[in-house]
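The values are calculated or read from the model by the stated rules, or taken from the named source; none is laboratory data. None of the values given here were measured: they were computed from a predicted structure. Here the Cβ positions follow ideal geometry from the backbone for every residue, glycine too, while neighbour counts run over all protein chains shown. Areas reflect the complete protein model, heavy atoms only, side chains present, ligands, DNA and RNA absent. Shrake-Rupley method; radii C 1.70, N 1.55, O 1.52, S 1.80 Å.
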Amino acid sequence: MKLASLKSGRDGALHIVNSSLTLMVSAEDIAPTLQAALDDWQYIEPLLHARYQQLETGDIAAVEFKQSQCHSPLPRAYQWLDGSAYVNHVELVRKARKATMPESFWTDPLMYQGGSDSFLAPQDPITMPQSEGFGIDFEGEVAVITDDVPMGVSPEQALTHIKLVMIVNDVSLRGLIPDELGKGFGFVQSKPACAFSPVCVTPQALGEYWQAGKLHLPLHSTYNQTLFGKPNAGQDMTFDFGQLIAHAAKTRHLCAGTVIGSGTVSNKLDNGPGKPVAKGGVGYSCIAELRMIETINNGAPTTPFMVVDDLICIEMFDRKGQSIFGEIKQHVRIA
C-alpha cells in the first residue's frame with residue numbers, strides 16, 4: 001500500500017496512491033490525515049488496504065496522481081530522530097579530520113533529535129537566508145514511521161512497529177555544524193527543515209526489497225542533472241531499523257508517528273572509500289562525503305557545496321525501473 005498527503009492545511013489530506021504512482025483516491029473519510037491513521041493503525045490499516053486493492057484493480061473511481069501536489073507524508077511529526085547507520089560515512093568524517101573513531105561507534109548507534117514541527121514538501125525549494133558560508137548540502141536517506149513503541153523494546157520486536165517506509169533529503173548546513181558541535185550540545189541551526197518523499201509505502205508492499213529491517217535497493221541522487229550517487233541502502237548498513245528504533249526507545253516510549261532516519265546512505269568500495277559514479281563507483285548521497293574523500297586523497301576538498309538555483313533530485317527505483325516513493329526535487333533559493 002502507498003499513501004500520500006496532499007497539501008491541505010497543516011497536516012495534509014490523506015490519499016491512497018496506486019503502485020505505479022499514476023492514480024490516487026481520497027482516504028479522508030477513513031482517516032483525514034496520516035497521523036490520524038497512525039493513531040489507530042490496527043483498525044484503520046485494513047480499511048485503507050481494502051481501498052488500495054480497489055484502486056489497483058480499477059474498482060473505484062480515481063484521479064491522476066500529481067507529485068507536485070504532495071506534502072511530505074507527515075507534514076509535521078511528533079518526533080524526528082535521525083541515526084547514522086552507515087558507519088562508513090562516520091569513519092570517513094573522522095579520517096578526513098585525522099581523528100580516530102571510537103570502537104563504540106560500531107556497536108552503539110549515533111542519533112540526534114531533529115526539528116519535526118514543519119517539514120518541507122518534496123518538491124518545494126530549500127530556502128535559506130543566504131548561501132555564503134552556510135555550506136548547504138543534501139543527504140539522501142531512508143526513513144521509517146512507527147506506531148506506538150514501548151520503552152525498552154528489543155530490536156527484533158521493534159521491527160514489528162515499522163508501519164511505513166519513505167526516503168528523505170535531510171538538509172544540512174555544513175558551515176554551521178562545527179561551531180554547534182563544538183558547544184557539545186547538538187544540532188539546531190545546522191539542521192533546518194528536511195523533505196520526505198511524496199509517497200510512503202508499507203513494508204509488505206516493498207516485498208523482497210525489505211529484508212531484516214533494511215531496504216535493499218540503490219538510492220539515486222541526481223545533482224544538477226548528473227547522477228551523483230547510487231549506493232545500495234541495504235549494503236554497509238551497520239545498524240538496521242530495528243536496532244535504531246530500540247536505541248531510541250531505550251529510556252522512553254515512542255508515540256505513533258515517530259520518524260526514524262537511517263543517516264546518509266554510504267557504501268564502501270573494496271573495503272575503502274567509494275568512487276564517483278563517473279569513475280565506476282556508486283558515488284555518494286551527500287556532497288560532504290565526496291569532499292571528505294577529496295581531503296583524504298588530495299589534502300583538501302575541491303567540490304563546492306550547493307548554491308542558488310542548484311537542483312537535487314532523490315529517488316529510488318525497483319528492479320523494473322518503477323519509482324517506488326516518487327521524487328524529491330528541490331532547488332536552492334534565497335529568502
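Restricting region 59-81 to residues that are over 14 Å from residue 119 (Cβ atoms) and in contact with a Leu (Cβ under 6 Å, 6 or more places away or on another chain), the residue that is most open to solvent (accessible area, probe 1.4 Å) is 69. The criterion of at least 1 residues that are touching a Gly at 6+ places or on another chain (Cβ under 7 Å) and crowded, with 17+ Cβ neighbours inside 10 Å is met, among helices (runs of 4 or more DSSP H) falling completely within region 192-306, by 241-248. Taken across region 47-58, residues that are open to solvent by 40 Å² or more (accessible area, probe 1.4 Å), modelled with pLDDT of 95 or more and of a type in the set (A, V, I, L, M) do occur, with at least one present. The number of residues in region 26-85 that are among the polar types (S, T, N, Q), in contact with a Ser or Thr (Cβ under 9 Å, 6 or more places away or on another chain) and free of Cβ contacts under 8 Å to residues at least 40 places away in the same chain comes to 1.
The criterion of at least 2 residues that are open to solvent by less than 70 Å² (accessible area, probe 1.4 Å), under 30 Å from residue 41 (Cβ atoms) and touching a residue at least 40 places away in the same chain (Cβ under 8 Å) is met by the following strands (runs of 3 or more DSSP E) wholly inside region 95-151: 111-114, 140-146.
Taken over region 84-125, the residue count meeting the criterion of being touching a strand residue (DSSP E or B) at 6+ places or on another chain (Cβ under 6 Å) and aliphatic (A, V, I, L, M) is 3.
Among the residues making up region 1-46, those that are over 20 Å from the mean Cα position of the chain (by Cα), open to solvent by 50 Å² or more (accessible area, probe 1.4 Å) and closer than 19 Å to residue 117 by Cβ are 8, 9, 10, 39.
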